[in-house]
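Q: Below you will find the structure I want to go over with you.
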Amino acid sequence: MEHGSNLLQEILLLLVLSFGSVAAFRVIRLPPILGYLLVGAITSKYALGWLPEHGSIEFMGEVGVVFLLFAIGLEFSVRQFLAMRTVVLGLGGLQVLLSALSAFMILYLFDLSWKGAIIAAGALALSSTAIVVKQLNDQGEMRTRHGQLALGILLFQDLAVVPFLIVIPLLSGGLEAQGNLMALSVGMLLNLLLLGLVLVAGHKAMRPLFHAISSTQSQELFNITVLLVSLTAAWVTQSLGLSLALGAFLAGMLLSETEYKHQIESEIRPFRDILMGLFFISVGAKLDLSVIPALWFYIVLLVLGLTVGKALLIAVLTRLFGEDYGTSLRTGVALAQGGEFGFALLSLALSNALLSDAEAQAVLAAIVISMALAPILLRYNDRLSRLLFRDSYLKNRYKAAHQFSLDVKEVENHVIICGFRRVGQSLARFLEEQGIPYLALDLDPTIVKEARDAGSDVHYADSSRPEILVAAGIYRARILVVTLADLDAARLTVEVARRKQASIPILVRTRNELHIRELEALGATEVLPELLESGIMVAERVMKRLELPLEEINGAIERTRKDGYSALISYFRGESPKPGVLPNRQSQLHTIVLKPNDRAVGMSIAELGLGSLKLTVKSLRRGDIRGDHPSADMVLQAEDVLVLEGLSENLQQAQKRLFGERKTPHRDKPQPVKA
C-alpha cells in the first residue's frame, strides 16, 4: 500500500512539472517533447532525485510507445508493408550497416576498445521511433514520401537490434559464448518463423474477433479487446527477442484492414498521449548533466555525428535509391538523432563490462541531446530542403505535379474531392448518377488502386500541395469539396486552395461544430458539421411525414444553415457530458428561474452586463408567454424563466450576477412532484 501511495505522489509530481513545462514550451512555440525531456533531466537521480528508480515510470512510457506504434500500424495494410520491402530491407539495411561502420571507426580512433566500439556504434546507428513518428504525425507528414521512407528505415532498425543483442554476450563471454553462436542463431530463426505463424493466424482471426465483440454492443468490452490485442502482440515480439513496438505495429497493421480501424484509433488515443509523455520523461532522466563539462568535446563531436553526419549519410543513400534531393534530405533530417533502443544496448554493454561508465555516459548524453534537437530539426525539415536545394526541390515537386496533370484528363466544370473515404465515395456516386465530372485525390494507395480499377476518377496525390491543386484544375473546377478526416490536413488544404483560387466555392466536411469558425476563417465557403447535419436530416424527414408544405421545410432548413447552425449548436447537455469532450469549451443552453429576492429582479437585461461574459439571452418566458431574443430594455420580474446561451464556465459566473446573495446551484433542477 505504501509503495502504491508513493507511486501516486511521484506521478502527480511529474504531471504538475509536465503541465508547467509543456505549457511554457507551447508559449515559446517549441515542441512539447522538449518540455518532457527537461522534466526528466531535472528530476532524475543525477539532478533533484525526484524520479522513482523502481522502473514503473519507464515501463509506463514503453507502453505509450506501444500504443503509438499500434496507431501507426492502423494506417498501413499488409500490402502496403510488402510494397515497402525495398525501403525496409534495402535502404534500412544499408543505413544501419554504414552508420554503424562509420561510428565504429570514429569511436575506435578515440581509444574505445573494439568490443565497446561495436556496441556503441550500434546504439548510434539507431534513431528514435517515438520522436520521429509523433512529430511527423503532428505535422501531418506521416503520409508524405519522406515520412514513408523514414518509417521504413525505422522498422528495419527495430529488427537490427536483435543481432546486437546476440553479439553483446558473445563479446563478453569469450570462446565459450562464441560456441553458442549457432544455437542462438537457430533459436532466432525459429522465433522469426513462429512470429510469421502468429501473424498469419492473427490476420485470419482479427476480423471475426471484432465482429463478435461489436455484436455485443458493449463499449467496455470493445476497449478491453483493443488493449488486449495491442499489448499481447507487444508481449509476443518481446518474448521472441524483438521490440515491444514492433509487435504493436504489426497488430495495428493487421487491424487496418478491418472496418473498425477508426474506432480503435479513437479509443487508444487517450492512453497513447498520456503515456508518451512519461516515456519522454524517462528518456530525459538518463542524462547525467554533471558529465557534460568533463566530456563536452567528445559529446559535441558525437552530437554532430548524429545530427549532421547521420543526416547526410541517409540523404546520400536515399538519393542513390532514386529519390529527389529534397526528399532525400528531409528523410535524413528526420532520422538525425539517437534512439531509445540505443539505451538498452548501452545498458547491456555496461552490465557486460564492454564499456566504462564515462564512455557509456558520453554516448548516452549525445543520444539524449540529439533527441532533444530532433523535434526542432523535424519541424523545419521542409524549410531546410528549400534553402539548400531550392531549384531542384521545387523542380521535382512541380515535375511530379506536371506528371499528375498529364494523368488527369483536361476536365472542366468538375468537382474536386479531397479525400476519398466513405464521404468522398458517397459524393462521387451521386455525381456519377447526375453525369457531373469529378476528380478525387487521396493518399491511401490501396483505396486509390481499388477505386481506379472500379472506374472512379481518383488519383494518389496530396491535396494540401498547391501545385497538385493547380494540376487538378482548381482554376477550371466548379467547386472543391474537402472530406478529409484529418483536421490538420483539412485546414492546410482549405488554406492552400483559397490562396490559389479566391473565387472557387470550398465545402468542408467536419465531425462537429467546434471548427466551423476556424475553417471559415481559413477560406471555407461552407462547413458541414456531420452531427448537426444529421439533426437537420431527421427534422426534415419528420416534417415531411407530417406533410408540412415543402416551401416551409426548405425555408426552415435554409435559415438554420444560413445562421451558421446557431439554433442547433447550443443545447441542454445534462449532467453527464460525452466522455472525452470538455463541456465548458462548448456553447450550451442553461435555464434560470428568478426568485423574488434575486439581484436581477427589477433590473433590465442590459444592466446585467451579460455581453461581457459572451452570453446572450436566448429566450424569456413570463407565465405562459415566451419570447425569443428579448429586448435589452426589458425589466426582469420574479418567476421569469431565462434561457441563457454560452460557455459553461461563463454561465456559472452569470448566475452570481443574477442571484446576488442567493446560493448558486450548478443547475436549477426540477423538484419532484409531491403526492
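Q: Quick test for you: out of F19, F67, pick the one residue that is among the aromatic types (F, W, Y) and modelled with pLDDT under 80.
A: When all the criteria are applied, what remains is F67.
Q: Kindly indicate whether any position in segment 329-345 is farther than 20 Å from A150 by Cβ and either surrounded by 24 or more Cβ atoms within 10 Å (Cβ to Cβ) or without any contact (Cβ under 8 Å) to a residue 60 or more places away in the chain (or both).
A: So far as segment 329-345 goes, yes, one or more of its residues are farther than 20 Å from A150 by Cβ and either surrounded by 24 or more Cβ atoms within 10 Å (Cβ to Cβ) or without any contact (Cβ under 8 Å) to a residue 60 or more places away in the chain (or both).
Q: Out of all the residues in segment 242-263, is one or more more than 30 Å from L388 (Cβ to Cβ), among the acidic types (D, E) and part of a helix (DSSP H, G or I)?
A: no
Q: Let me ask something else. V283 - would you say it is within 27 Å of A160 (Cα to Cα), buried (at least 21 other Cβ atoms within 10 Å of the Cβ) and out of contact with any strand residue (DSSP E or B) (no Cβ under 6 Å at 6 or more places or on another chain)?
A: The answer is yes for V283.
Q: Considering every residue within segment 143-154, establish whether at least one is under 30 Å from L30 (Cβ atoms) and modelled with pLDDT under 75.
A: Scanning segment 143-154 turns up at least one residue that is under 30 Å from L30 (Cβ atoms) and modelled with pLDDT under 75.
Q: Could you list, in sequence order, the residues of segment 346-359 that are crowded, with 21+ Cβ neighbours inside 10 Å and not in a loop (DSSP other than H, G, I, E, B)? Let's see the steps before the verdict.
A: Going through segment 346-359, the residues crowded, with 21+ Cβ neighbours inside 10 Å turn out to be 346, 349, 354-355, 359.
Matches in segment 346-359: L346, A349, E359.
Q: Something else: Within segment 315-325, is there a residue that is out of contact with any helix residue (DSSP H, G or I) (no Cβ under 8 Å at 6 or more places or on another chain) and not small (G, A, S)?
A: Yes: segment 315-325 contains one or more residues that are out of contact with any helix residue (DSSP H, G or I) (no Cβ under 8 Å at 6 or more places or on another chain) and not small (G, A, S).
Q: Going through L348, L295 one at a time, which residue ends up being at pLDDT 80 or above and in the same structural domain as L91 (by TED's automatic domain parsing)?
A: L295
Q: What about V236, is it in contact (Cβ under 8 Å) with a residue 24 or more places away in the chain, within 30 Å of L189 (Cβ to Cβ), aliphatic (A, V, I, L, M) and part of a helix (DSSP H, G or I)?
A: It is true that V236 is in contact (Cβ under 8 Å) with a residue 24 or more places away in the chain, within 30 Å of L189 (Cβ to Cβ), aliphatic (A, V, I, L, M) and part of a helix (DSSP H, G or I).
Q: Which numbered condition trips up S56, out of (1) touching a Phe, Trp or Tyr at 6+ places or on another chain (Cβ under 9 Å); (2) modelled with pLDDT under 80?
A: S56 satisfies all of (1) touching a Phe, Trp or Tyr at 6+ places or on another chain (Cβ under 9 Å); (2) modelled with pLDDT under 80 except (1).
Q: Moving on. Are there any strands (runs of 3 or more DSSP E) wholly within segment 503-606 with 1 or more residues that are among the hydroxyl-bearing types (S, T, Y), under 30 Å from Q637 (Cα atoms) and modelled with pLDDT of 75 or more, and if so which? So that I can check it myself, show each step before the final result.
A: Working: elements: 506-510, 526-529, 587-593.
In segment 503-606, the matching strands (runs of 3 or more DSSP E) lie at 587-593.
Q: When the residues of segment 85-109 are filtered to those that are at pLDDT below 90 and either surrounded by fewer than 14 Cβ atoms within 10 Å (Cβ to Cβ) or not assigned by TED's automatic domain parsing to the domain that holds L306 (or both), which remaining residue is farthest from S127 (Cα to Cα)?
A: Ranking the candidates gives L109 first.
Q: Moving on. What is the one condition in (1) in a helix (DSSP H, G or I); (2) at pLDDT 80 or above; (3) among the aliphatic types (A, V, I, L, M) that L82 does not satisfy?
A: Only one criterion in (1) in a helix (DSSP H, G or I); (2) at pLDDT 80 or above; (3) among the aliphatic types (A, V, I, L, M) is unmet by L82, namely (2).
Q: Take the residues in segment 520-546 that are under 24 Å from the mean Cα position of the chain (by Cα) and under 19 Å from A556 (Cβ atoms); name whichever of them is surrounded by the most Cβ atoms within 10 Å (Cβ to Cβ).
A: P529
Q: Name the one entry in L91, L149, L136, L97 that is farther than 19 Å from L313 by Cα and in a helix (DSSP H, G or I). First the steps, then the outcome.
A: Values: L91 fails: farther than 19 Å from L313 by Cα; L149 fails: farther than 19 Å from L313 by Cα; L97 fails: farther than 19 Å from L313 by Cα.
Selected residue: L136, the only one of L91, L149, L136, L97 that is farther than 19 Å from L313 by Cα and in a helix (DSSP H, G or I).
The values are calculated or read from the model by the stated rules, or taken from the named source; none is laboratory data. Keep in mind it's a predicted model, so treat the numbers as computed, not measured. Positions of Cβ are backbone-derived with ideal geometry, glycine not excepted, and every protein chain shown enters the neighbour counts.
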